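Below is one structure, written out as structure tokens; comments come after it.
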Amino acid sequence: DAKTTQPPSMDCAEGRAANLPCNHSTISGNEYVYWYRQIHSQGPQYIIHGLKNNETNEMASLIITEDRKSSTLILPHATLRDTAVYYCIVRSQGGSEKLVFGKGTKLTVNP
Amino acid sequence: KAGVTQTPRYLIKTRGQQVTLSCSPISGHRSVSWYQQTPGQGLQFLFEYFSETQRNKGNFPGRFSGRQFSNSRSEMNVSTLELGDSALYLCASSLEEGGREYFGPGTRLTVL
């Protein structure tokens, strides 16, 4: 079972920031938070991951709360091409633990 | 660097047949995982291979099998196809076991 809870859907206006929340209240100390997205019928695309510090890359920012029980993925300037299902996943790094995908959040960016 | 490639991209089979899907990982990646995606069950892990050895297996019947070759390419096989096997089959590769995974475009299998 997925260890995360996400809202099923969200809307965002083009050009605005999209903030996607994720709850992972049972996360353990060695587990990372990963974000992937899947544009319709394509393979999932890695976005970002982090352990406890906030992370930023060319695609997005990841804000993890101090208690690590929740996080927010931020797309700073959403475009229509960001419309996708966004998955928040927790897993330990290394070893053979598989990715467990929940239902994700369907983000729709509107013009 | 080329991404993960999967062949074929689309496939139509009938019940009772078997099918083999192929995955070529990113050059240098040694771990390959397979996932099944259906509208009802979402994305589910099938199995992971690393250095030609199956490291992890999801909760799927024995009709689903796979293997990895010495060049890290992988195949998965589904025997005695059922209607419920219709799905998007995704392959993902990573540099090392448990590392960040890069997904291919998937193979869309339709069982009639």
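Each row is one residue, and each column tells you yes or no for (1) among the small types (Gly, Ala, Ser); (2) more than 15 Å from B:ARG108 (Cβ to Cβ); (3) in contact (Cβ under 8 Å) with a residue 40 or more places away in the chain.
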residue: B:PRO8; (1), (2), (3): no, no, yes
residue: B:HIS29; (1), (2), (3): no, yes, yes
residue: B:GLN36; (1), (2), (3): no, no, yes
residue: B:LEU43; (1), (2), (3): no, no, yes
residue: B:GLY62; (1), (2), (3): yes, yes, no
residue: B:MET76; (1), (2), (3): no, no, yes
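Per this entry, B:GLY66 is counted among residues that are among the small types (Gly, Ala, Ser) and without any contact (Cβ under 8 Å) to a residue 40 or more places away in the chain.
With the requirement that a residue be part of a strand (DSSP E or B) and of a type in the set (Lys, Arg), what does region B:58-71 give you? I'd like the intermediate steps shown before the answer.
Taking region B:58-71 and keeping what is part of a strand (DSSP E or B), we get B:64-68.
Hit for region B:58-71 is B:ARG67, nothing else.
Scan the strands (runs of 3 or more DSSP E) fully inside region A:31-111 and keep the ones with 2 or more residues being closer than 21 Å to A:ALA2 by Cβ and within 12 Å of another protein chain (Cβ to nearest Cβ).
Counting at least 2 such residues, we get A:31-38, A:45-50, A:84-92.
Against the definition (surrounded by fewer than 21 Cβ atoms within 10 Å (Cβ to Cβ), over 25 Å from B:ASN56 (Cα atoms), under 13 Å from the mean Cα position of the chain (by Cα) and not hydrophobic (A, V, I, L, M, F, W, C)), how does A:THR56 come out, yes or no? Reasoning before the result, please.
Working: surrounded by fewer than 21 Cβ atoms within 10 Å (Cβ to Cβ): yes; over 25 Å from B:ASN56 (Cα atoms): yes; under 13 Å from the mean Cα position of the chain (by Cα): yes; not hydrophobic (A, V, I, L, M, F, W, C): yes.
Yes; evaluated as a whole, the condition is true for this residue.
Within region B:72-112, the set of residues being modelled with pLDDT of 95 or more, part of a loop (DSSP other than H, G, I, E, B) and surrounded by fewer than 21 Cβ atoms within 10 Å (Cβ to Cβ) comprises B:ARG73, B:SER79, B:THR80, B:LEU81, B:GLU82, B:SER86, B:PRO105, B:LEU112.
The values are calculated or read from the model by the stated rules, or taken from the named source; none is laboratory data. The structure displayed is predicted, hence computed values, not measured ones. Ideal geometry is used to build each Cβ from the backbone, glycine not excepted, and the neighbour counts take in all protein chains shown.
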